[in-house]
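What follows draws every value from the coordinates through simple rules; no lab data is involved. This is a predicted model, so every value here is computed, not measured. Here the Cβ is made from the backbone with ideal geometry for all residues, glycine too, and neighbour counts use every protein chain on show.
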Amino acid sequence: MVEAVLASASFSSPTSRELLLWLTGEALGRSLISRGNSSPVLQCVDLIRTCGSEPDGLRIFLGILATFEPDSSATSRVSALVAEQEDDSGPGPTIIAGDGTAGVTGARAPSASESDTGRKDFFVSYTASDRRWAVWIAWELEEAGYSVMVQEWDFVPGNSWQMGMEKGITECDRTLAVLSPSYLQSSVYGRQEWQAAQGADPAGYARRLVPVRVAPCTPQGMLASLVFIDLVGLSGPQARAQLLDGIGHARRGRAKPVSPPVFPGPGTDVAH
């Protein structure tokens, strides 16, 4: 659902987006406009989550969006997703995760790939010295509605560690490699994991391997050819926005901004 809302003309325009957030917040009795300093992706995630946590909140938002764009493909897509969520919802209040899927309050909603096939969205590949980064990344991704496999949480007593690693590589749509000097220089298993992901998509068209740099380092060899998400030197909120934006770009295969660029021609006041 997040992708459907982001594709709407109303959410792409900063002015229309602010009005859309304000009207939805007024209808729900919740302030959404205060989150205006967030990136459009985070604003959209927060909007969908808030609407999903309120009775008929998604229907209220859909009605407001339809006022802005009565005949748009984005409105039709959101309407279909809302109807699907209402059909599938079970007992108890529902929440909407970052990808628009529904679940029972207090539980993480599974992504479409996980609920339909048992697959997960991401396998986090990391070395022991970067454990804190790996679990932070996994947590933020699951909070945004993605499904994640990470050794810290999913390799529990009684599991086969090697089988778990193989399952992560083969049964997750993408491998997320946490890049650091330790990972690049001494992680034998990490190398096996990212090489397996790249081997399944050598040209990178499906973006099966998504590197995330968490410490100053320079990837070499085959890794050097891949664009990475860079979290080095960022604050927590900045890193979260950078991570989710980068993941969204990797899934869509494009990083076109929602706001138009500044005109570069004569008469433009450009800071030097």
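List of remarks:
- Reported to the nearest whole Å, the Cα centre-to-centre distance from region 203-272 to region 123-145 is 18.
- Between S13 and E26, the modelled label-to-label distance comes to 1.7 nm, taking each label 7 Å out from Cα in the direction of the beta carbon.
- Computed from the Cβ-Cβ distance with R0 of 25 Å, the FRET efficiency linking Q238 to F263 stands at 0.35.
- Label separation (Q162 vs R254): 4.5 nm, computed from points 7 Å beyond Cα along the C-beta direction.
- Extension gain for T170 to A224 (0.36 nm times residue separation, less C-alpha to C-alpha distance): 17.1 nm.
- One decimal place: the segment E84-E3 gains 27.6 nm when fully extended, by the rule 0.36 nm per residue minus the C-alpha distance.
- Taking all pairs of distinct alpha-carbon atoms in region 202-272, Kirkwood radius in angstrom: 14.7
- Rg/Rh (Cα only; Kirkwood hydrodynamic radius) as it applies to region 113-252: 0.92
- In region 113-252, taking the dipole from charged Cβ atoms about the Cα centre, the farthest positive-side position among I247, S225, V214 is held by S225.
- Averaging over all projection directions, the Cα-based convex hull of region 15-81 occupies 4.2 nm² in the image plane.
- Neighbour-count ranking [beta-carbon atoms within 10 angstrom, fewest first] of M165, M1, M222, M149: M222, M165, M149, M1
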